[in-house]
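This report concerns only the one structure given below.
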């Protein structure tokens, strides 16, 4: 049985479903290229048409992150990024009106204090948390804290996930189910994993939770294709790469906003 909904993330997906359109979800790691630079870039993403924002909590052992995001995360950690900076970033981005999540590995949340983290995030206007390395079987303390704080929970499935794991993820997910398009780490790719559509169909056959596809989506054409069958399209590395390659923060923010506009046109027009 799927857990009841709680927050703004599920509400955004439910609204989009009623209007028969997918959502664009964009990711940036907090603190890169600086705390203020990340905030400005995320705001530019929202203004460009990104519907939901993920703010990454930098961590020293990012097992799911590819080289682009790892480079940005390493820079943020060297600059001294702290959880208080992550929370401040969420607060600023959430003020745009876009549901704003934190994407975090479990260790930093556990060390900070599960209830403390949930309370601080909720007080900042955060909408939920994506926990890529937290097994649903061990998620009880987090799901309880999130429910109490009114935060949505997001868990992952992959093409290799058996039906029993999909059912378990659906039981603890209140926001959307994150469908990894391929087995591997984040990063831009020439094409989205061919098993992504099949995975979305498998999830939909077992739960009514929204399904968003990530890992490898980087171009408007890819985003449009994924938007034809998924409830959400997640883009991260393509945005981060622009910030890395830009000569200064202002030009990086402008480039991120331009890409957001192009991706949003692809996603929002996917079913036209």
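Read-outs: derived from the displayed coordinates by stated rules, not from any lab. Predicted model only: the values in this text are computed from it and were never measured. Here Cβ is always computed from backbone atoms with ideal geometry, including for glycine, and neighbour counts include all displayed protein chains.
Shape call for the chain from the C-alpha gyration tensor, a ≥ b ≥ c root eigenvalues: rounded (a/c under 1.5), prolate (a/b greater than b/c) or oblate? Rounded shape, in that the Cα axes give a/c under 1.5.
Comparing mean-square fluctuations of 196, 127, 12 from a GNM of the chain with C-alpha springs under 10 Å, the top value falls on 12. Is segment 112-267 best put as rounded, prolate or oblate by its Cα gyration tensor, with a ≥ b ≥ c the root eigenvalues, rounded for a/c under 1.5, and otherwise prolate when a/b is larger than b/c, oblate when not? Verdict is oblate for segment 112-267. For the pair residue 79 and residue 244, a Förster radius of 22 Å applied to the C-beta separation gives a FRET efficiency near 0.95, rounded to the nearest 0.05. Pick out which of 31, 232, 140 has the largest mean-square fluctuation in a Gaussian network model of the chain, springs linking Cα atoms closer than 10 Å. Of the options given, 140 has the highest mean-square fluctuation. Peptides 155-166, 253-264, 170-181 ranked from most to least packed, by the mean per-residue count of other Cβ atoms within 10 Å: 170-181, 253-264, 155-166.
In this structure, residue 167 and residue 221 have a Cβ-Cβ separation that, at R0 = 30 Å, corresponds to a calculated FRET efficiency of about 0.35. Using C-alpha pairs below 8 Å separated by at least 6 residues, the relative contact order for the chain is 26 percent. The mean of 1/r over all pairs of different alpha-carbon atoms in segment 90-184, once inverted, gives a Kirkwood hydrodynamic radius of 13.6 Å. Distance in nm between label sites at residue 63 and residue 160, each 7 Å beyond Cα in the beta-carbon direction? Result for the modelled spin labels: 1.1 nm.
Its relative contact order, with pairs defined as Cα atoms under 8 Å and 6+ residues apart, puts segment 82-230 at 17 percent.
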